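To start, the structure itself, in structure tokens.
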Amino acid sequence: MRPFTYERAESPQAAAAAAAKTPNARFIAGGTNLLDLMKIDIEQPAHLIDVNGLDLARIEGTDDGGVRIGALVRNTDLAADARIRRDYPLLSRALLAGASGQLRNKATTAGNLLQRTRCPYFYDTNQACNKRLPGSGCAALGGFSRSHAVVGGSKACIAVHPSDMAVAMRALDATVETVKPDGSVRRIPIADFHTLPGNTPHIENVLTKGELITAVTLPKPIGGHQLYHKVRDRASYAFALVSVALVVQANGSGRVALGGVAHKPWRVEAADAELPKGAKAVAARLLAGAQTTDDNAFKLTLVERTLAATLAEAKERTA
Amino acid sequence: MKFDTPATTNPIDRLKVVGKPVDRIDGPLKTTGTAPYAYERHDVAPDHAYGYVVGSSIAKGRIVAIDTSKARRAPGVLAVVTAQNAGKLGKGNFNTARLLGGPDIEHYHQAVAVVVAETFEQARSAAQLVHVDYARAKGTFDLASAKGSATKPKDGKPDTAVGDFDKAFAASAVTLDATYTTPDQSHAMMEPHATIAAWEGDRLTLWTANQMVDWSRGDVAKTLGIPKENVRLVSPYIGGGFGGKLFVRADAIMAALGARAAGRPVAVALQRPLMMNNTTHRPATIQRIRIGTSKEGKIDAIAHESWSGDLPGGGPETAVSQTRLLYAGPNRMTAMRLAVLDLPEGNAMRAPGEAPGMMALEIAIDEIAEKVGMDPVEFRVLNDTQVDPENPKRPFSQRRFVECMRTGAKKFGWERRAARPGSVREGRWLKGLGVASAFRNNLVMKSAARVRLERSGRLVVETDMTDIGTGSYTIIGQTAAEMLGLPLDRVDVRLGDSSFPVSAGSGGQWGGNSSTAGVYAACVKLREAIAQKLGVDANTAVFDGGDVVANDRRVPLTKAVAGGDIVAEDGMEYGDLDERYQQSTFGAHFVEVRVDAATGEIRIDRMLAVCAAGRILNPKSARSQVIGAMTMGVGAALMEELVVDKRLGFFVNHDLALYEVPVHADIPHQEVVFLDETDPISSPMKAKGVGELGICGVAAAVANAVYNATGVRVRDYPVTLDKFLDKLPPV
Amino acid sequence: MAPSNDWKFTRRDVLKMGAMSVTALAAPRLVAGGSESGLGATSKPVTAKVGMEVNGAQQALELDTRTTLLDALREHMHLTGTKKGCDHGQCGACTVIVDGRRINSCLTLAVMHEGAKVTTIEGLGRPGSLHPMQAAFVKHDGYQCGYCTPGQICSAVAVLDEIKADIPSHVTGDLTAKASFSRTEVRERMSGNICRCGAYSNIHDAIEEVAGGAA
């Protein structure tokens, strides 16, 4: 970890402005991923802007009947919020499936969206990784790739996005709100927020220099049965092999998103329409064009089977 | 004192303190965070600097150039030590690879430098500035492809044979020929390898985390080229070892070298992401097992072959050893072959040999029992032996294996197991029961102690024995209390210091029995000295309730020390009882699992172990040893695997996020039953080991339960869902 | 957005990639070298003042900004009861209670805790005056080597508070009902604290006893 200067931000806009003008600055909130990576020299900020003091930790209703979640709302508080539990149980479930109690107490809504991959080659600075050092290659290709992407990857990178929360937000059509250094705000649909690796796997989202996430908003509740099924080897405190976020309405329509399969929370809107036809049809749409390795080919079967089980569970609850 | 005839009645048999499930005497320290571990000795080295280890980024090859100039100029840096400036270093007797690499590199993350700075933050930062250029050499990293080149290991007994296996196997009515694999595994103890080193002239003190104080004192001396007498090792609390801290590791040597270079005490803890490739691991195995039986299920022929790999000069994983002893059968053979691999050093991890050996053998037994059409409990009972099957004249000292099986089956409700696999479903879950034998040899080791009865009436026990979570403090205290007729709270136990008499140390599940036997010997001597002081006959005097009772008189012990402390020192050595009798520990593991019929996720609902392991010195801490071993067995069954990158030659998942070990949610309520047993052939304590018995067979019991639940047999550990998902019924 | 399908692995590609990474590996550490500008690895440490209340006592420190709360406790305040197991949030040995919440002290900077109230294992109880949870761990042998134990105990104390505060968990059946105590809940909620010695079953007994006593 390299030396860095440290400041506490006074306002979101001031934080953004400071980040834009200070060389190699980073925001820090929960710090659970940033410090992890700084310790092994993967993140090397020269200046940290502590945003924890900002007034961005509230969960409040929006005019259109939705909810606005402050960027600094801790994962624990978001999952435990009565309104979220009642109206967006998918989000509570996804949050509670992730990390540990200690980490959820620290990790923030914005920070969770910005988590970096847990690819073991990304984490080992002796190994080639285009995400860590563009142009160095991808050691995961041809290496140990059991947890890696099966859709949306590229020859440069097959890492997956590790978040559970973001998968639920993708299914719920969340919008990410930001403030830029010039004070302007923008609203980014979550579908567009995370990027696919292509030839630039080091770019993971569409945020511009200094741009600070201030909130995530959810449209008004969509009801239905909301289920989040995370499949992993150990029973807790592990990243997903595959996860399924599912919302099913009484008439059989619904939405589905996947975690653990791509460089971003994975949703293919056309797949939603296949829900009444069953898991096979939905999986076929979601996983169209899948590229697997020997290690991760099982994820195709696992997605379909997990979807089938989750759909069956939703049906059971409807009955 | 020499133990060469079976024990008769002795003061331990009073069982006033020994055998009682007392709370650990170190409990209040451990639960309040006041037990000092190696890296926490601000009390003895208040001005220490911090070392940070740099590991090799290649698996095999040479350092072409190493530039430490930038690191040396970094703020706060006091010294940078590499092979270039470390001086001549030797290699410890127990190390396969050198602890400081360069110019030759033997394995990934082999230490190549230590950067010493005023603060931890400065050392860590400057370590990134050490610039190393490597020339990579071609290495061999894949056991499966190196199997063909494996050779017969030099040491031990790589090949055994009795009768004519091939002929008997060919003639058997029912046969099994199956191959199993177990992966490389990591000890992953919670406390990283850590040391604070301080020099006083040419004398070195290491506050370190080490299971074997005397072995390691010798190896530190040998590595640094200094006399053993000049080295002091202090290791009173150890945050887990499981075999990973049996030997001197890079933390100790880097701290010593760093301290010498910096002229200051230096603290080094191996950073977690470095540990799994820098230190040792349990080596992977490929095991072929062939069993031939009669129609009735009697074993005629049994063969167990195992292949493993290690660095040049290393040894095999002795995965076939239990197969020589566990089941009857006139025709038998075992063989071990060793391939040279350029992976990190393979070495002992909890129950080396038996743990991976039983993972394979006990699936094989489940398979052959099914082929015969027998219940696997009955199959094991039928094939019990009371003598060494290779040498029928040699009996077991105690063998209550059948009773373990029967007791466990009854208690667990084994009769409810469906013989047809994949036939029990509750909602989304497939349910199954599994069983496996537990077996681990009992070893005894020479061990000494010093006991001192102080004028205050307190008894102090000193030995270099270690407590790695095993409960040594408490059982040693119980032993001394029993011998002197004192309550436990009048005994102080001091461990883990090389200035104390040399003990057995903690390894091979010999520690509990051997170290207490050493304390027994010292206490016998102390009793004699006390008796002499009081003018009574030591042989007939009874030490009871703080008094010595002799000739119908009760004299307080304190009277003997009115004129000053009485000190006695002795140790226990062993004759040939372990040759005349086979000494082993036995058990049975029962497991109930459920498997998600759609996703293949495996969850364990119930676990039971029944153990016959001699006298249980403290049922509370012994039970903990067993449940802990069962937990590690669950890890071996379901998740633990150091994944080898076969191109680059390293364990890829080298931290605790990616090398998964069981968490709370994986472990149900666990039950342990100890059969009431004493083994007078083992030691005057009549105890045996139990900490490793508990892991042997667990993984197979889980794997067999998964088979019973799903009907899909997985022979490659860990049993993860990707290995059987496509064979589960349609959703 | 349609899934991207603009590429395909061929065997040759994988081989090429493998070869490429192998070649790249001969180079030293593959990190993004220097910063755009500003501080670098050779720069002098930056220090900052921070004040916090630890176990009821006020602490005023001047620390390298890089100092984690864990290292501040262990190396600067000499409160070594809080353990460093992994330093990366993967084991839970460093768990402390900050402003009423359990966190991994290894993944937070000390300077971020100005004015915070920190409770470590030393603040819960001492030998001779154990906190009920510490006493229950001793009674149920909820530890072996003892290294994860302070983190387990801090977590256990916080878990009971979290259930009282109606914070749900992954295994909570009905999210709209109030959170309640069960052994299954304890197992899930404690899962951020790894015990390699495997004392889990006994730890559950200890927590259950304290929860029963508190109810």
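The values are calculated or read from the model by the stated rules, or taken from the named source; none is laboratory data. For clarity, every value in this text was computed on a predicted model and none was experimentally measured. Heads up, the Cβs are rebuilt from the backbone with ideal geometry, glycines too, and the neighbour counts pull from every protein chain shown. Remember, those area values only see protein heavy atoms, side chains included, never the ligands or the DNA or RNA. Shrake-Rupley method; radii C 1.70, N 1.55, O 1.52, S 1.80 Å.
What average count of beta carbons from other chains do you get within 10 Å of the Cβ of residues in C:124-130?
Values: counts 3, 4, 4, 9, 2, 2, 4.
Counting Cβ atoms of other protein chains within 10 Å of each residue's Cβ and averaging gives 4.
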Solvent-accessible area per residue for region B:479-548 (1.4 angstrom probe, square angstrom): 29
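Enter the accessible area per residue of chain A (Å², integer; probe 1.4 Å; all protein chains in place).
Details: 9730 Å² over 319 residues.
For chain A, the solvent-accessible area averages 31 Å² per residue.
Dipole magnitude of chain B about its Cα centre, charges +1 at Lys/Arg Cβ and -1 at Asp/Glu Cβ only, in debye to the nearest 20? Can you show the working numbers first?
Values: 86 positive and 85 negative charges, 35 e Å.
In total the dipole reaches around 160 debye.
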Here the gain from full extension of B:Glu454 to B:Lys20, 0.36 nm per residue of separation minus their alpha-carbon distance, amounts to 153.7 nm
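How much FRET efficiency would the formula 1/(1 + (r/R0)^6) give for B:Asp552 and B:Asp492, where r is the Cβ-Cβ distance and R0 is 51 Å, rounded to 0.05? Intermediate results must be reported in sequence, preceding the final value.
Details: r = 32 Å, r/R0 = 0.62.
The computed FRET efficiency comes out at 0.95.
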Keeping every protein chain present and rolling a 1.4 Å probe, give me the accessible area per residue for region C:132-214 in Å². 26
Any idea how far the Cα center of region B:435-459 sits from the one of region B:485-550, in Å? 10
Note down the nm distance, to one decimal, between modelled labels 7 Å out along Cα→Cβ at A:Ala312 and at B:Val567. 7.3
Note every residue of region B:577-609 with a reduction of at least 20 square angstrom in accessible area, all protein chains present versus the isolated chain, computed with a 1.4 Å probe, or write none. B:Ala598, B:Thr599, B:Glu601, B:Arg603
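For chain A, with only Lys/Arg (+1) and Asp/Glu (-1) charged at the beta-carbon, what is the dipole magnitude about the Cα centre, in debye rounded to 20? Could the numbers behind the result be given before it?
Numbers: 39 positive and 30 negative charges, 92 e Å.
For chain A, the charge dipole is close to 440 debye.
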Which ³J(HN,Hα) values in Hz, rounded to whole numbers, follow from the phi angles of region B:309-324 under the Karplus curve 6.51 cos²θ - 1.76 cosθ + 1.60, where θ = phi - 60° and Gly and Pro get x? x, 7, 4, x, x, x, x, x, 7, 7, 6, 9, 4, 5, 5, 6
Pop out the carbon and sulfur fraction of the accessible area of the protein assembly as shown as a percent, whole number, probe 1.4 Å. 50
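What is the mean number of Cβ atoms from other protein chains located within 10 Å of the Cβ atom of each residue in peptide A:16-23, rounded to a whole number?
Numbers: counts 0, 0, 0, 0, 0, 0, 3, 5.
Mean number of neighbouring Cβ atoms from other chains: 1.
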Considering only C:His140, C:Ile153, C:Ile194, whose Cα is most displaced toward the positive end of the charge dipole of region C:132-214, charges sitting on Cβ of Lys, Arg (+1) and Asp, Glu (-1)? C:Ile194
Counting only residues 5 or more apart in sequence or on a different chain, those whose built amide H sits under 5 Å from that of A:Phe27 are A:Ile49
Interface residues, region A:131-177 - accessible area loss of 50 Å² or more versus chain alone, probe 1.4 Å: A:Leu133, A:Leu141, A:Phe144, A:Lys155
Area hidden from solvent between B and A (accessible, protein heavy atoms only, 1.4 Å, total, Å²): 3000
Expressed as a rounded percentage, what relative contact order does chain A have, with Cα pairs under 8 Å and six or more residues apart? 18
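Over both sides of the C-A contact, add up the buried accessible area with a 1.4 Å probe and give it to the nearest 100 Å².
Numbers: alone 13490 and 14240 Å², together 21530 Å².
The contact between A and C buries close to 6200 Å².
Out of the DSSP beta bridges found with both residues in region B:415-556, what percent are antiparallel (nearest 5)? All intermediate terms of the calculation are to be shown ahead of the outcome.
On the way: 13 of 18 bridges.
Just about 70 percent of them are antiparallel.
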Using the Karplus equation 6.51 cos²θ - 1.76 cosθ + 1.60 (θ = phi - 60°), what ³J(HN,Hα) coupling, rounded to whole Hz, does each residue of region B:199-206 give in order, writing x for Gly and Pro? 9, 10, x, 9, 9, 10, 10, 10
Which of the residues in region B:99-121 show a loss of at least 30 Å² in accessible area from their chain by itself to the complete set of protein chains, at a probe of 1.4 Å? B:Tyr108, B:Phe120, B:Glu121
Chains B and C together, accessible area buried on both sides, 1.4 angstrom probe, square angstrom: 5800
Given charges at Cβ of Lys, Arg, Asp, Glu: region B:105-247 dipole, positive-most of B:Phe169, B:Ile105, B:Ala123: B:Phe169
Give the distance, in whole Å, between the Cα centre of region C:35-91 and the Cα centre of region A:1-72. 19
